[in-house]
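S.K.: Structure provided below as structure tokens; questions to follow.
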Amino acid sequence: MNTLEKDIVAKIKSFAGPSTRAMHLRLGIGDDAALFAGRPGQQTILTSDWFLEGIHFLRDKHPADAVGWKCLARAVSDIAAIGGEPRCFLLSLAIPKKLTAWLREFLTGLKRAATRFSCPLAGGDTTCRDQILMNVTVIGEVPGDQAVLRSGARSGDALFVSGRLGEAELGLRLLRDASSSRPKNDAALKRHLYPEPRLTLGRWLSKKRLATAMIDLSDGLSSDLPRLCSASKVGARIEAAMIPAVQVPSESKLKGSDPLLLALNGGDDYELLFTVRPRHVRFIPSSFNRILLTRIGQISAGRKLMLVRPEGREQILRASGWDPFRPGR
């Protein structure tokens, strides 16, 4: 390891977040590999997520501490979607040589996220390149019989979503709009820059055995709902009027900011989409820890995905959310 890389690793280690002396993490940064001790009766969850400059964030627009927070929050959201808890994570980071100040702010945000989600940094890798890229791998756990998969939905199940959809996409548009004068603490901006994975909600739904299938909304409702339905071999019918869409300010001049389209196709919400057996619907509150829970439709026996417009007209729901491989993206 050359001196510069050694310095970068030392900085990362100093910002590692919660103590790596936790019971489940026997050995953290500083050796060839970390040692993780799983708990009896728990299944281990593994998830990995890329975060790339120019695709997932813009260096001249996104604060470095928000990049640090979000790169971990995105991966932790996958743990929430299966009803588990994060235990530790690995970070692979590639950055240009002269980004000392950026790295410091990035690690500050990463440390805040690691503390917030009780998910210490266990190790990883570093290298040098012109553009920033990072890969985060999170290790989590869920009790052996409580994992909530995408494949458990059945015809007749009610379809619920947490939070308000499209807010993060609106925040991204505000961030990119040079004419926008929205304050830095604007709710939509905060949702885009500092998302909160729904760990407590996911764990509650899993522990109470209320959710039959679940997925986190990272690419948009119109793209993530088909993934859940495909895994469960079912269809769905959702009511546009019931979808808790973002409230677009009346003075906003952003083009294409239709609340319904933002809610259907906007990515980065990291809310939970889940299904519930009809007999258990009465146990789902209207809010959980001040997070809105809304019934938006129902699972159907066929494989069609239908959207009922506010005026009552039905149409096929097209997957129009985030897709890195879509032509013309």
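Bear in mind these aren't lab numbers, they're just calculated from the coordinates by the rules spelled out. Because the structure is predicted, anything quoted here is derived from the model rather than measured. Here the Cβ positions follow ideal geometry from the backbone for every residue, glycine too, while neighbour counts run over all protein chains shown.
S.K.: Which of F36, F89 comes first, and how do the rest follow, when ranked by fewest Cβ neighbours within 10 Å?
M.R.: By the 10 Å Cβ count, ascending, the order reads F36, F89.
S.K.: Work out, step by step, the length gained on full extension between D145 and T44: first 0.36 nm times the residue separation, then minus their alpha carbon distance; give nm to one decimal.
M.R.: Working: separation 101, 0.36 × 101 = 36.36 nm, distance 1.20 nm.
That pair, D145 and T44, stretches by 35.2 nm at full extension.
S.K.: Follow-up. What value in Å³ per residue do you get for the convex hull of the alpha-carbon atoms in segment 150-316?
M.R.: Details: hull volume 18.7 nm³, N = 167.
Measuring per residue, one finds 112 Å³ for the Cα hull of segment 150-316.
S.K.: List Y270, Y194 from most exposed to least, where exposure is judged by having the fewest other Cβ atoms within 10 Å.
M.R.: Values: Y270 24, Y194 18.
Starting with the residue having the fewest Cβ neighbours, the order is Y194, Y270.
S.K.: What is the order of K207, K111, fewest Cβ neighbours within 10 Å to most? Walk me through the numbers before you get to the answer.
M.R.: Details: K207 12, K111 22.
Listed from fewest to most nearby Cβ atoms, that is K207, K111.
S.K.: Considering Cα pairs under 8 angstrom that are at least six residues apart, work out the relative contact order of segment 3-143 and quote it in whole percent.
M.R.: On the way: 268 pairs, mean separation 54.0, N = 141.
Value for segment 3-143: 38 percent.
S.K.: A further question on this structure: Could you tell me the calculated FRET efficiency between D177 and R279, based on Cβ-Cβ distance and R0 = 56 angstrom, to the nearest 0.05?
M.R.: Numbers: r = 47 Å, r/R0 = 0.84.
The pair D177/R279 has a calculated efficiency of 0.75.
S.K.: Can you give me the angle between helix 221-232 and the longest principal axis of the chain, using Cα atoms only, in degrees from 0 to 90, rounded to the nearest 10?
M.R.: Once rounded, the angle reads 80 degrees.
S.K.: Please give the FRET efficiency for T200 paired with K97, using the beta carbon to beta carbon distance and R0 = 30 Å, rounded to the nearest 0.05. Intermediate results must be reported in sequence, preceding the final value.
M.R.: Numbers: r = 41 Å, r/R0 = 1.35.
After rounding, the FRET efficiency stands at 0.15.
S.K.: When only C-alpha pairs under 8 Å and at least 6 residues apart count, what is the relative contact order of segment 104-260, in percent?
M.R.: 30 percent
S.K.: Can you compute the radius of gyration and Dmax for segment 99-169, using only the Cα atoms, both in Å?
M.R.: Final numbers for Rg and Dmax: 18.4, 55 Å.
S.K.: Run the numbers for D130 and K61: contour at 0.36 nm per residue of separation, minus the present Cα-Cα distance, in nm. Write down the numbers at each step before the final one.
M.R.: Values: separation 69, 0.36 × 69 = 24.84 nm, distance 1.74 nm.
Full extension of this stretch gives 23.1 nm more.
S.K.: Do the alpha carbons of any pairs in K13/K98; K11/K70; K207/K233 sit beyond 22 Å of each other, and which pairs?
M.R.: Values: K13/K98 19 Å; K11/K70 19 Å; K207/K233 25 Å.
Pairs exceeding 22 Å: K207/K233.
S.K.: Let me ask something else. Just from the alpha-carbon atoms, what are the Rg and Dmax of the chain in angstroms?
M.R.: Gyration radius and largest Cα-Cα distance of the chain: 20.4, 66 Å.
S.K.: Of the candidates K11, K61, K190, which one comes out as most mobile in a Gaussian network treatment of the chain with C-alpha springs shorter than 10 Å?
M.R.: Fluctuation is largest for K61.
S.K.: Before anything else, pin down the relative contact order of the chain: Cα pairs under 8 Å, at least 6 apart, normalised by residue count, whole percent. List each step's numbers first, then the result.
M.R.: Numbers: 733 pairs, mean separation 69.2, N = 329.
Taking the mean separation of contacting Cα pairs over the length of the chain, I get 21 percent.
S.K.: Let me ask something else about it. Using a Gaussian network for the chain with springs between C-alpha atoms less than 10 Å apart, which of these wobbles most: K13, K233, K208?
M.R.: K208
S.K.: In degrees between 0 and 90, to the nearest 10, how far off the longest principal axis of the chain does helix 3-14 point, with axes built from Cα atoms?
M.R.: It works out to around 60 degrees.
S.K.: Pick from P63, P143, P285: which is most flexible by mean-square fluctuation in a GNM of the chain where alpha carbon atoms under 10 Å apart are linked?
M.R.: Its mean-square fluctuation being the largest, the pick is P285.
S.K.: Next question, about the same structure. Compute the acute angle (0 to 90°) between the alpha-carbon long axis of helix 100-116 and the principal axis of greatest extent of the alpha-carbon atoms of the chain; round to the nearest 10°.
M.R.: Tilt of helix 100-116: around 60 degrees.
S.K.: Additional query: So how long is each side of segment 3-143 along the principal axes, counting just the alpha-carbon atoms, biggest first, in Å?
M.R.: That gives 46, 32, 21 Å along the principal axes, largest extent first.
S.K.: Which percent of the Cα-Cα distances in segment 219-302 go past 14 Å?
M.R.: Working: 2431 of 3486 pairs.
The calculated P(r) of segment 219-302 puts 70 percent of pairs beyond 14 Å.
S.K.: Now, a different point. Mean shadow of segment 83-134, computed from the convex hull of its alpha carbons, in nm²?
M.R.: Values: hull surface 15.9 nm².
Orientation-averaged projected area of the Cα hull: 4.0 nm².
S.K.: Let me ask you something else. Contour minus end-to-end for R318 and A37, with contour as 0.36 nm per residue of separation and end-to-end as the Cα-Cα distance? Mind showing how you got there, number by number?
M.R.: Details: separation 281, 0.36 × 281 = 101.16 nm, distance 4.36 nm.
Stretched fully, the R318-A37 segment lengthens by 96.8 nm.
S.K.: Of the options L165, F283, F106, report the single residue whose Cα projects farthest towards the positive end of the charge dipole of the chain (beta-carbon charges: Lys, Arg +1; Asp, Glu -1).
M.R.: Working it through, the farthest residue towards the positive pole turns out to be F283.
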